[in-house]
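The structure appears right after this line, and notes come after that.
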Amino acid sequence: MSDEQKDEPEIVYENGPEENGLKQAEGDFDLDETNDSGQILDKIKKIKEKLKKCNEEKQEYLTGWQRAQADFINYRKRQEEQREEWMKMAEAGLITDLLAVLDTLDSAIKNHGGDGGSAAAIKKQFEEILKNHGLEEIKAAGEKFNPEFHEAIERVEAGAEEGIVIEEIQKGYLLNGKVLRVAKVKVSK
């Protein structure tokens, strides 16, 4: 024997290689020598059924995991959208409170005539800050009355077409395209 052959284990066949392979396969299925091929086929069938059941369970678990992951991703998106909505609501509350200051500045400018000096400069700066946060004024005077944007506090006789805003009593504002405060107006009848 060569050196290479000495390292390999020697295989001894009791009844020849073919019969020994069958006995080894039977041993894998815990079969004794008296079982016939029908029992082997039954064992193989049972093993295939177990394998099929395992694959079905694996797919069920995988599908459940994927669904849970998708639900979590959707939850995070909803949370982010809700957080943004809360931020907008908080901003709307603050800006609503600041509109009282803007109204006071408007009144000071009107009562002191002209440009109102420093009040006009403060008002302009204040309006610019609010505009940068999404605030815009609702056009009212000369516009057709729109209950979505205007609140009629009085109807007056005028030479204008009916339903036209004659005078703006209090300015209305939009915040990010949504009505924050409707304009209080007088409307022609």
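The values are calculated or read from the model by the stated rules, or taken from the named source; none is laboratory data. Model, not experiment: these values are computed from the prediction. Cβ coordinates were reconstructed from backbone atoms using ideal geometry, including for glycine residues, and neighbour counts include every protein chain displayed.
General remarks:
- Residue match in the stretch 121-130 (condition: farther than 17 Å from Leu94 by Cα and among the acidic types (Asp, Glu)): no
- Cross-chain or 6+ apart pairs with Cβ under 6 Å, the stretch 167-189 first and free of Cβ contacts under 8 Å to residues at least 60 places away in the same chain, then surrounded by 15 or more Cβ atoms within 10 Å (Cβ to Cβ) and of a type in the set (Lys, Arg): Glu167/Lys186; Ile169/Lys184; Gly172/Arg181; Ala183/Lys171
Residue by residue, here is whether (1) surrounded by fewer than 12 Cβ atoms within 10 Å (Cβ to Cβ); (2) more than 37 Å from the chain's Cα centre (by Cα); (3) among the small types (Gly, Ala, Ser); (4) not in a helix (DSSP H, G or I) holds:
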site: Ile122; (1), (2), (3), (4): no, yes, no, no
site: Glu127; (1), (2), (3), (4): no, no, no, no
site: Leu130; (1), (2), (3), (4): no, no, no, no
site: Pro147; (1), (2), (3), (4): yes, no, no, yes
site: Ile153; (1), (2), (3), (4): no, yes, no, yes
site: Ala158; (1), (2), (3), (4): no, yes, yes, yes
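- Test for Leu99: is it surrounded by 13 or more Cβ atoms within 10 Å (Cβ to Cβ), in contact with a helix residue (DSSP H, G or I) (Cβ under 7 Å, 6 or more places away or on another chain) and in a helix (DSSP H, G or I): no
Here is a yes/no grid of residues against (1) under 20 Å from Ala183 (Cβ atoms); (2) at pLDDT 90 or above; (3) of a type in the set (A, V, I, L, M):
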residue	(1), (2), (3)
Leu94	no, yes, yes
Asp106	yes, no, no
Asn111	no, no, no
Ala119	no, no, yes
Ile122	no, no, yes
Glu128	no, yes, no
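- Residue under evaluation Phe149, criteria (1) of a type in the set (A, V, I, L, M, F, W, C); (2) touching a His at 6+ places or on another chain (Cβ under 7 Å); (3) under 28 Å from Lys88 (Cα atoms), criterion not met: (2)
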